[in-house]
Every structure is written in structure tokens, then in C-alpha cells.
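Here the structure comes first, spelled out in C-alpha cells, and everything after it is commentary.
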Amino acid sequence: MKKKYSISGIDCANCAAKLEAKMNSLPEVNNVILTFATGQLLVEADDLDKALEALRKLADKEEPGTVIEDSKRAGNQKSNIGNTSHSHGHSHTHEHGHHHEECTCGCCGHGEHYHAHGHHHEEHHEGHHHNEHSYGEHGHNSNTGLLSAFLDEKKEIAGIGAGIIFFIAGLIAENFTSTVLIYVSMFVVSYIILGGKVLITAFKNLFRGKVFDENFLMGIATIGAFVIGEYPEAAGVMLFYRIGELFEDVAVGRSRKQIMDAVDLRPETARLITDGKTVVCDPADVKIGDIIEVRAGDRIPLDGVVTEGESRIDTSAVTGEPVPVAISEGSHVLSGCVNVSGVIYLKVEKLLEESMASRILEAVENAAASKPKIDRFITKFARIYTPLVVLAAVLTAVVPSLITGNWNYWVYTALTFLVISCPCALVLSVPLAFFAGIGAGSKKGILFKGGVSLEALAGIKSVVMDKTGTVTKGDFTVAGVIPDSKSGITEEKLLSYAGCAERLSTHPIAASIMKEAGNRGVSIPEAKDIKEIPGKGMEVLLDNGRILCGSRKLLKTNGIQVPEESSKIYGTEVFIAVGGRYAGRIIINDTIKEDSKYAVSEMKKYGLWTAMLTGDAEENAGQVSLVTGIDETFARQMPQDKLDNLVNIRNKHGAVMFIGDGINDAPVLAGADVGAAMGNGADAAIEAADVVFMNPNLSSVPESIKIAKRTKTVAMQNVIGALAIKAIVMVLGFAGIASMWMAVFADSGVAMLCVLNATRILFAGKGQEQEFETIPKALT
């Protein structure tokens, strides 16, 4: 059994990685994935209750103050992940299982509002747009958490402020008095205020076997500075360490919040219609079949169908489409979209946990739990990094000192090594970068199913596409009506004959002919008799003779000669004969998406080989490739043929991405290095895909590749940058140039820079919209 929990109270990415490793060693669990970036704990166990109990005991032992609780209880409302700033060494006591039960529909005074149905304009618009007020249990807990976070941060700042006062007093006393005791006591007081809790935590951690704990190493380094007489540096390093940790915590919290705000589209309230009145309540309390009101400017809380009202909805948060969509009675709408204009009433079709906004959030959280190779490598590397640096510090303190006799110099150098021995910047930077990449994709209607998918997408060498529904719209239209010049029949007359034959058919080609006839105002004659000829077409009997409508083979079978005519318009040909004579043909094609040509050209800018696999005829496939610029085309493909050609393309060009939307595409999607599905495609295709595009635009493909490459670049920048700065400081320290001040920057400062660098991914390319070259209806 698998279950997701929320985990809070851990303020160090390296500590989270160590805790995850110990959790996986518990006999009660089969597998545990702790995602520091989202505060999620995914547990797989035979008995979840026993596993949870064991996990809580371990977490409380290894990281006191850690809270593990049901993710639905902690996150049913907008997540407050990252809003709580903890300093290293703080222990927070939490009682498990003691929650106040409160009404979630406002009947206890939490903002209940009633009004007569239809009189919405008289009511105060609380919760407008993002519904900032919280209701019931979740709002109560949420506000309590925010207050606690605010007070913790204030205490942290107050403690640092007091330490600064004594530190400055020590510096002044050192320069203006010759009494050593006075200024040393100032530095000692400053040090105790700033580092007291760090030392206490370090002492406690020693009994837990945490020799390489950051608190212990920082304590040893600063106490060592006191021992060798570097009093200002001892207090100053602890001061800047605490300031750096505070900034890092705030930066991590803000970046988490920005990412979660981008993907958590669930409003905190719903306006339920009960007995003609409106009750403001928790969306989780709304049932299938209930009627809810959505005002202009409000975000839609649940999936449903419009029962009353007309409006336009902004779907950009869900699909990435910038243009609002018109809706009216009978329209199906998705949660997470924003109602732009009029008031609408919806009949709820899905519960909160099954609605689109919840599914997107869950997909993003699950994706964050899927760790890429680089993340797993860094986690393993971090386990040996600290011991190696500590060993280097010991050797630096002892070996050169024995040779030169200058113990003071080499011990000081060794202390700078200890300050930069914590791998937090490394362990934190990679998962946060990938989480930001997943969040950036979600904002544009691109759902990555994991960091592994994002990492693989950054390394693809070729893109293979299905045609129908991917490169083309999948809706057939009449591209040309071509009467035979000898027949004397007009285009409208030819359409009327074809419409008479196809009026009862549900085939997409028949529907496109009827639509064209309707657009031109062509009247369709009544048929005396209609007969379908399987695999060939239709035979219709009218007052003025017999009409045949279908394939070339149908006409030839009936002894009618069809002239061989070349056309500059591509598509499927429907031939018509009237009274035993050829009358003309209608060409039907699947409209190419407006952005397909642009999308293919963007893929080629990344040096990618493009190919198309389709079951369509060779002529049609060739025309689509010609117009869009696709490099290679394979027509009349069966599912196994597609898979075989995909393997050949991989062998020839390298890692391959496949994009499809049909049920028959599922095997190919699973066989590709990265499988991508259009969100309007079949469920089987979406299930098998690594990436899902919530909108039908092919331009989402190069956008997803850009996000993947940017994410990998930022992750590598963070890793290389953090290691390089630490290595440079170590070399400079060995040469006697770098001080402990610089070492503090190489630790906490670099971690903060990595966090800020990762957050860049979320905002890169914001506001950029692309205009596409229009592809003519009749491709010439």
C-alpha cells in the first residue's frame, strides 16, 4: 500500500536526505521517498499504520520537532509549505493527533453568508479572485501555522539583533581599550546569544551519533577560533552563519511558496446553492450533483457543467492557453480556471480530490518525488563529501604544523575547512531546480511526471510525432470542391449530391461535407433510397437518377471512368457520379495546426531530428511534412510498425521523444525515451506518457524541451558553482588568503544563491507569446 504524508520541521536538505536513508532501513517500510522541496513523504508499506508509527518515532529521534501527518489534513487547503522558517538548532514540540474539529461550512461564525438566488451583487465579495480567507479546520490550522512562523522569524531576528549589538560593542572595545577581559567578554556574550542553541543541538546530536552534523562542525570551528585567540572571528563567523541560515530558510520558503502557488489552483471556498440560498463552504464538502455559484473573477473550485449563465473563462492556468474561452449552458468547465465575466451556476461532476486542479497538484507533487539521476548522485556524493573535508581539515591542522611548527596558522586554516564542510547547498540546489522546472511547466499547461522525465527530455536527440491530433487538429474539413469540367455541375450542386449521400453517416468525412454544405447554404435533396456499400461508399437514388459517392474503386466497379487529375490540394478524395457519369470530387483534409510549422522549426533550432509516423496515406502524410518542415515521414503505419521505426530512429539519431494522442500510440509512448501525450487524447496514451500537454498546441513541445534544458543547466550551475566556490575557498585558505568569513559565505551564502538561481526557472520567459504564421486552408 502507498500513501502520501506531509512532513515539516526539517530545515536542512542534507538532514532530510540522511533521514530518508534511515527511514528506508526500517523493517516496517518497503520504500520511502522524502521530498524536501515539497515537504512530502511518500510511504510504501504492507501496514501503513505500523509504518507511520515507526517513521514518527525515527523522525522524532533524528530530527526533534519533525511532524508527519496526513497530507489531506495538512494540504486540503492552499499549502503553507516553506512559510515556516526554522533556525538550525531549534526544537519545536508538536502533539500528534490532537486536532480541533470545526465546522467547515461557516455555521460556527467563519464567514457564512446567505442571499437569495440571483442577488449576488448585494453581497460583499470575500474571497474574490483567490479567496484569501480560510474557513473551518484547515483555515484555522493554516492561520495558526502562519502565526507560529511569523513569531519564530521575529524571535530569530531579535536574537541575531542582540548578538550584533554585543559583537559591535566588542569591536569598539577592542579598538579603544587595552583591557582584554572587557572586549573578550563582549565577544563571548555575543557568541553565546548567537550560537548557544547551535552548541546545545550539537551536544545532543553527539549522543545520536551525528559527528558530521552541521551544528557540531560549526561549533568546533568557532570554539577552535576562540582557543587560538581569534575572538572577533569566532563571534563574527557564528553571526554570519546565523544570518546566512535565516536568509537561506526565507529564500527556500519563498521559492517553495512561489512554486506551490503556481501549481495549486484550488480555491479555498465554494459557493454552494442550498434551498435557494448561497452558503460559503469548503470545496471538500461539496458533493457530486450539487449546484455551486461562480462569480466573475472567482476561480472555479470543482469540475462541472454549466446549468445557468454565460461567461468567458481564463483557462491559462490549466492549459497555458492565453485566450479566454466562451461558455454557456451545457459547457463543461474545469477547476482551476478563472471566471472572467458573468455569474455562472455549475452542477458539480467531480469531487475535490478528483477535480482537475487537485489532479494537477497531485501530479506535480508526485513528479517532485521522482528523483533524477543527478539528484541521486549528489545525495550519494554528499555522504562522502563531509567526511572527506573533515579529514582534509584534520590533516591540514596536524601535518604542516608538525613540519613548520606554526600550529596557530594551520589550525586556523583547518577551521575554515570545517565551516564549509556541510553539503547543504549541494543537496538542496538540485531537487529545488527540478521542482521549479516542474512548476514552470505546470504554469504553461505542461505536466512533467517526474524529475526523471525532465532530465531525460533535456537529453533527447530526435522528436517523433503522430499526425492526427498532434501535428494536425484531428477535425476534417473540406479543402476543395472540384466539379468535372465536362459535367456542367457547379460546386454547390456537387456538394448537395454528396450531402444527400452522407447526411445519415457519422463518419468524420461525412460530417465535414455536411458542415461545408451548411456553411455555403446548400439545400440537400431528399433521397428515395440510400444504400451503403461497405468499404467503398454510398449509393443514393434521386428523382433525376442514381448517385454514387465514395472511393475511386466504387465508381470503377460501376463502370464509370474517373479521369486521372493532379491537384495541388492534398487530402482524402471523395468521388461523385450522377446518372452513370463522373461529376467531380471533393477533397477532405485534416487541418494542420496553426503552430505546427513554428513548433517544428523551434525543435530544429535545438538540433533535433524530426519524424512523423502515421497510418494515413503516403500522399497526405507527405504534404503535411512538406508544409511543416518535418525531416522524415513514415505512412500507413500499424502500431508495431511505429514501434519498429522508433527503434530505428533511436539507433540512427539518439534518444527519442514520441508525441501521440491515440490508444494505438500507447505502446510507442512506452517504448520511447520520453513519451508525451496531448491532454485531449485517449486516457491510455496519457497514462503511458512521461509528459502530458494540457493544451493541443504542438508549440508546447519545444517549450517543454526549453524548460527541461534550462532546468538541467541551472541544476548543473548550482552543483558546479557550489563545488567550485567551496574548492576555491579551500585552496585560498590553504594559501593563507581566505578567512573564516569567506568560508561562511561558501557555506550559507552559496546555498542561498543556489536557491535563488533555481527560482529563476519559474519566471524565465514570462509574458512571452508567439504569433504563428497562418497556414492556408488549401495548401498550395
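The values are calculated or read from the model by the stated rules, or taken from the named source; none is laboratory data. Worth saying up front: this structure is predicted, and the values here are computed from it rather than measured. Cβ sites come from the backbone with ideal geometry, for glycine too, and all protein chains shown count toward neighbours. Surface areas here come from the heavy atoms of the whole protein model, side chains and all, with no ligands, DNA or RNA. Shrake-Rupley method; radii C 1.70, N 1.55, O 1.52, S 1.80 Å.
Structure above, values below:
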item: Count - residues of the stretch 402-428 that are surrounded by fewer than 24 Cβ atoms within 10 Å (Cβ to Cβ) and outside any helix (DSSP H, G or I); result: 2
item: Residue count, the stretch 20-39 (criterion: closer than 16 Å to Ile378 by Cβ and either part of a strand (DSSP E or B) or open to solvent by less than 10 Å² (accessible area, probe 1.4 Å) (or both)); result: 4
item: Ala746 being modelled with pLDDT of 85 or more, assigned to a helix (DSSP H, G or I) and open to solvent by less than 50 Å² (accessible area, probe 1.4 Å); result: no
item: Single residue of the stretch 205-221 satisfying the filter (touching a residue at least 40 places away in the same chain (Cβ under 8 Å), out of contact with any His (no Cβ under 7 Å at 6 or more places or on another chain) and part of a helix (DSSP H, G or I)) that is surrounded by the fewest Cβ atoms within 10 Å (Cβ to Cβ); result: Ile220
item: Residues within the stretch 501-515 that are surrounded by fewer than 20 Cβ atoms within 10 Å (Cβ to Cβ), assigned to a helix (DSSP H, G or I) and either among the hydroxyl-bearing types (Ser, Thr, Tyr) or out of contact with any Asp or Glu (no Cβ under 9 Å at 6 or more places or on another chain) (or both), tallied; result: 1
item: Matching entry among Glu44, Glu28 (being more than 24 Å from Gly253 (Cα to Cα) and out of contact with any strand residue (DSSP E or B) (no Cβ under 6 Å at 6 or more places or on another chain)); result: Glu28
item: Among (1) open to solvent by less than 30 Å² (accessible area, probe 1.4 Å); (2) assigned to a strand (DSSP E or B), the one test that Leu42 misses; result: (1)
item: Matching residues, the stretch 518-547, being touching a Leu at 6+ places or on another chain (Cβ under 7 Å), open to solvent by 80 Å² or more (accessible area, probe 1.4 Å) and assigned to a strand (DSSP E or B); result: Asp529
item: Criterion (within 30 Å of Val333 (Cα to Cα) and open to solvent by less than 10 Å² (accessible area, probe 1.4 Å)) met by exactly one of Asp264, Asp285; result: Asp264
item: Condition broken by Ile193, with the remaining ones in (1) of a type outside the set (S, T, N, Q); (2) open to solvent by 20 Å² or more (accessible area, probe 1.4 Å); (3) farther than 28 Å from Pro423 by Cβ; (4) in contact with a Phe, Trp or Tyr (Cβ under 8 Å, 6 or more places away or on another chain) satisfied; result: (3)
item: Residues (hydrophobic (A, V, I, L, M, F, W, C) and open to solvent by less than 20 Å² (accessible area, probe 1.4 Å)) located in the stretch 222-240; result: Ala225, Ala234, Ala235, Val237, Met238, Leu239
item: Residues of the stretch 288-317 satisfying the condition of being open to solvent by 40 Å² or more (accessible area, probe 1.4 Å) and more than 24 Å from the chain's Cα centre (by Cα); result: Ile288, Asp290, Ile291, Thr307, Glu308, Glu310, Arg312
item: Lone unmet requirement of (1) under 20 Å from the mean Cα position of the chain (by Cα); (2) aliphatic (A, V, I, L, M); (3) at pLDDT below 90; (4) open to solvent by less than 10 Å² (accessible area, probe 1.4 Å) for Val701; result: (3)
item: Options Val452, Val389, Val348: the member that is surrounded by fewer than 24 Cβ atoms within 10 Å (Cβ to Cβ) and either over 30 Å from Lys712 (Cβ atoms) or touching a Gly at 6+ places or on another chain (Cβ under 6 Å) (or both); result: Val348
item: Any chance Ile243 is modelled with pLDDT under 85, among the β-branched types (Val, Ile, Thr) and either open to solvent by 10 Å² or more (accessible area, probe 1.4 Å) or more than 18 Å from Cys422 (Cβ to Cβ) (or both); result: yes
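Conditions tested, residue by residue: (1) in a helix (DSSP H, G or I); (2) within 22 Å of Gly219 (Cβ to Cβ); (3) in contact with a His (Cβ under 6 Å, 6 or more places away or on another chain); (4) at pLDDT below 90.
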| residue | (1), (2), (3), (4) |
| --- | --- |
| Leu147 | yes, no, no, yes |
| Phe150 | yes, no, no, yes |
| Gly163 | yes, yes, no, yes |
| Ile168 | yes, no, no, no |
| Ile193 | yes, yes, no, no |
| Lys197 | yes, yes, no, yes |
